[in-house]
């Protein structure tokens, strides 16, 4: 055989069966690749659309016509708050949490007397408020001592006010004027008052002098 014959055999075309087999092998690969390409192409616009999927809703106040977030700059912010509270309670709670807390505390304070009245009507004693215990040292104690002078006459002695930086003379005048009683300062520097004022002083002192707490007052036996 000549060289030309060899070339003919080498360049011989493949049969139809081989071509069909090759095409069948390529088709599943192409089919698998197509969905992946489609997914990648489709994901891009979806990600862009997701940015604008949940647009922000702007609520305008009916009173000032501003967005509710800017009602504080209106001419009547309190009216705007009232409108928002009645129309959009959840939004009011988010924008004005401190105001809502104060309102709830006021409501609770108003309900307490009503509950006490109901308990009294039902014959139940009102619940006593638990007082916070304060650690007290001897250097902070104020003593109220009541002594019987004559029959049905008492003298109340008040000691320890100087521990709280109070002027004894000024305190004497103030107490005497408050309770309309005679008073004096004895040799020890204690205030002496005419009458039994133990209960009145125990209640009045913490209100008049905030540095004197209820736990710092002790009433000695008569």
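Assorted remarks:
- Cα gyration tensor shape of segment 68-121, rounded if a/c is under 1.5, else prolate or oblate by comparing a/b with b/c: prolate
- By DSSP, the beta bridges lying fully in segment 138-220 are antiparallel in about 80 percent of cases.
- Cα gyration tensor category, rounded, prolate or oblate, for segment 138-187 with a/c compared to 1.5: oblate
- Put a dot 7 Å past the Cα of residue 60, heading toward its Cβ, do the same for residue 143, and the two dots end up 7.6 nm apart.
- Residue-span extension gain [residue 151 to residue 181] - 0.36 nm each, minus C-alpha spacing: 9.0 nm
- Cα-projected label distance for residue 106 with residue 167, points at 7 Å along beta-carbon direction, nm: 4.0 nm
- Label-point separation, residue 87 to residue 73 (7 Å along Cα→Cβ), nm: 1.8 nm
Where a number appears in this text, it was derived from the coordinates with a stated rule and is not lab data. For clarity, every value in this text was computed on a predicted model and none was experimentally measured. Heads up, the Cβs are rebuilt from the backbone with ideal geometry, glycines too, and the neighbour counts pull from every protein chain shown.
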